[in-house]
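The values are calculated or read from the model by the stated rules, or taken from the named source; none is laboratory data. As the structure is a prediction and not an experimental result, all values here were calculated from the model. Virtual Cβ from ideal backbone geometry, glycine too; neighbours counted across all protein chains shown.
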Amino acid sequence: MHYHFFIVNKIGLIIYDRYYQGTAKLSANDMIRFSSTLNSVHLISAQITPPNLRKTGLKVLNTKTFKLFCYQTTTGVMFCLVSDPNSQDMESLCKKAYQHYSDYVLKNPFYETDQQIRIEGFDQAIDRLFLEKAV
Amino acid sequence: MARKSSQVQGEQIWNQSEKVNAELFAFTYGSLVVKLIRELENISEVNRQLETMGYNIGLRLIDDFLSKNDVTCETTKDTAEVIAKTGFRMYLGVTCDVTNWNADENEFSLILADNPLTEFVELNEDYRDLKYLNLLCGVIRGALEMVRIKSVCTLERDSLKGDEFTELRVVIKEKVQDEYEPDDD
């Protein structure tokens, strides 16, 4: 079951988010606070990675009530998914979401990079991705 | 090993992806170039404009490329190999060869023997200065910039101008440090 999916651009702003299973929406202020905290944690965890290991930053956060998964692309965009703690295969879902992003968002000539995503086709593709698997 | 796998990967993606008619593609590109020539009336301006258009394509195309391929490039050699074998295969249906490395391994040439874009093209004398494929140079520059590699790409030799093959020269200017590297202070 998935609760919340969002995309963070390379300067740390949330450019897209989607809620599922009746999850309460965050207010705009909370959203900013949340994204900046997430970004800092991501950067700090990369900094405290022991030498000789790949500095990938925050990838998975496991708690009793949810699991947060971050997939960062080589170009710096981050795809994050919050699901229930037993979720499997979150990485491949995020990769699929990345494919949809490159197809529906970046190939749209009217989309300006690093801006908010408001594209209906993309919404539908993302919903299909996360709701089908939830059953 | 990297060579084989990048070739196989390009092949697979090519087989999976939707295709457009090669002639339609070549004609569309041709009419784009002709339109630019008519509107700008200045060949060097056309070359510049083609490069900029390619650059803007590259900025977005790289995400499409990375989302469909699983690549990690450690060295410039890997990068060149992936562009030549996977990138060109995936988007143009041809592969090209990587040659002419300089001593520092930051410059290389991509040799295109066969190119769907130029199949029906003949350049007459008036357009001797036109860089018909300058868009490809822009694509490479834009795509590399998004993965933090600053580069310059030029059309060195052109089969349309009587050369045996088309050669794109890629010069890697700088690899921008990973943002996670600790500061000195």
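Can you name the residue in the stretch A:77-132 that is in a loop (DSSP other than H, G, I, E, B) and in contact with an Asp or Glu (Cβ under 8 Å, 6 or more places away or on another chain) and is also surrounded by the fewest Cβ atoms within 10 Å (Cβ to Cβ) among such residues?
First, the residues of the stretch A:77-132 that are in a loop (DSSP other than H, G, I, E, B): A:77, A:84-89, A:106-119.
Then keep just the ones that are in contact with an Asp or Glu (Cβ under 8 Å, 6 or more places away or on another chain); that gives A:77, A:106-107.
Working: A:Val77: 22, A:Leu106: 18, A:Lys107: 13.
Across the stretch A:77-132, the extreme among qualifying residues is A:Lys107.
Tell me, which residue of the stretch B:67-89 that is part of a helix (DSSP H, G or I) and within 11 Å of another protein chain (Cβ to nearest Cβ) is farthest from B:Ala113 (Cα to Cα)? Give the steps one after another, and end with the answer.
So the first thing to find is which residues in the stretch B:67-89 are part of a helix (DSSP H, G or I), and the list is B:67-68, B:76-89.
Filter once more, keeping what is within 11 Å of another protein chain (Cβ to nearest Cβ): B:67-68.
Numbers: B:Ser67: 28, B:Lys68: 26 Å.
Among those residues, the one meeting the criterion is B:Ser67.
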task = Write out, first by first residue and then by second, each pair whose Cβ atoms fall under 8 Å of each other, whose residues are 6+ apart or on separate chains, and whose first residue, in the stretch A:55-73, is surrounded by fewer than 15 Cβ atoms within 10 Å (Cβ to Cβ) while the second is of a type in the set (S, T, N, Q).
result = A:Thr56/A:Thr49; A:Thr56/A:Gln72
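Return yes or no: is A:Ser45 of a type in the set (Gly, Ala, Ser), in contact with a strand residue (DSSP E or B) (Cβ under 9 Å, 6 or more places away or on another chain) and surrounded by 13 or more Cβ atoms within 10 Å (Cβ to Cβ)?
Values: of a type in the set (Gly, Ala, Ser): yes; in contact with a strand residue (DSSP E or B) (Cβ under 9 Å, 6 or more places away or on another chain): no; surrounded by 13 or more Cβ atoms within 10 Å (Cβ to Cβ): yes.
No.
When you go through A:Ile11, A:Ile15 one by one, which is the residue that is within 14 Å of chain B (Cβ to nearest Cβ), within 21 Å of A:Ala97 (Cα to Cα), part of a strand (DSSP E or B) and touching a residue at least 12 places away in the same chain (Cβ under 8 Å)? Talk me through it step by step, then tell me what you get.
On the way: A:Ile11 fails: part of a strand (DSSP E or B).
Criteria check complete, one pass: A:Ile15.
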key: Options B:Gly87, B:Gly93; residue that is of a type outside the set (A, V, I, L, M), under 15 Å from the mean Cα position of the chain (by Cα) and on the phi > 0 side of the Ramachandran plot   = B:Gly93
message = Return the residues of the stretch B:24-47 that are in contact (Cβ under 8 Å) with a residue 24 or more places away in the chain and either farther than 26 Å from B:Val121 by Cα or not hydrophobic (A, V, I, L, M, F, W, C) (or both); say none if nothing qualifies.
response = B:Tyr29, B:Gly30, B:Ser44, B:Asn47
task = Please work out which one of (1) modelled with pLDDT of 85 or more; (2) part of a helix (DSSP H, G or I) is the condition B:Cys153 fails and give its number.
result = (2)
request  = Return the residue satisfying two criteria in turn: it lies in the stretch A:28-83 and is within 13 Å of chain B (Cβ to nearest Cβ) and touching a His at 6+ places or on another chain (Cβ under 6 Å), and of such residues it is nearest to B:Ala143 (Cα to Cα).
outcome  = A:Gly57
note = Inside the stretch B:62-103, the number of residues satisfying the requirement of being in contact with a Lys or Arg (Cβ under 9 Å, 6 or more places away or on another chain) and among the aliphatic types (A, V, I, L, M) is 2
ask   = Yes or no: B:Asp64 among the acidic types (Asp, Glu), away from chain A (no Cβ under 14 Å) and outside any loop (DSSP other than H, G, I, E, B)?
value = no
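For (1) farther than 25 Å from A:Cys94 by Cβ; (2) surrounded by fewer than 17 Cβ atoms within 10 Å (Cβ to Cβ); (3) at pLDDT below 90; (4) not polar (S, T, N, Q), each residue gets a yes or a no:
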site: B:Arg3; (1), (2), (3), (4): yes, yes, yes, yes
site: B:Val8; (1), (2), (3), (4): no, yes, yes, yes
site: B:Gln12; (1), (2), (3), (4): no, yes, yes, no
site: B:Met53; (1), (2), (3), (4): yes, no, no, yes
site: B:Thr72; (1), (2), (3), (4): no, yes, yes, no
site: B:Lys85; (1), (2), (3), (4): yes, no, yes, yes
site: B:Cys96; (1), (2), (3), (4): yes, no, yes, yes
key: Scope the stretch B:28-50; condition more than 19 Å from the chain's Cα centre (by Cα) and not charged (D, E, K, R); matching residues   = B:Ser31, B:Val34, B:Leu36, B:Ile37, B:Leu40, B:Asn42, B:Ile43, B:Ser44
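Do you know which residues across the stretch B:112-146 are surrounded by fewer than 19 Cβ atoms within 10 Å (Cβ to Cβ) and at pLDDT 90 or above?
If we filter the stretch B:112-146 for residues that are surrounded by fewer than 19 Cβ atoms within 10 Å (Cβ to Cβ), which is where we start, we get B:113-114, B:116, B:119-129, B:145.
The one that is surrounded by fewer than 19 Cβ atoms within 10 Å (Cβ to Cβ) and at pLDDT 90 or above: B:Glu145.
Quick one: which residue in B:Leu59, B:Leu66 is farther than 21 Å from B:Val98 by Cβ and not acidic (Asp, Glu)?
B:Leu59
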key: Selection count where residues are out of contact with any Gly (no Cβ under 9 Å at 6 or more places or on another chain) and assigned to a loop (DSSP other than H, G, I, E, B), scope the stretch B:90-131   = 21
task = Might you check whether a residue that is modelled with pLDDT of 90 or more, surrounded by fewer than 19 Cβ atoms within 10 Å (Cβ to Cβ), in a helix (DSSP H, G or I) and within 14 Å of chain A (Cβ to nearest Cβ) occurs anywhere in the stretch B:14-30?
result = no
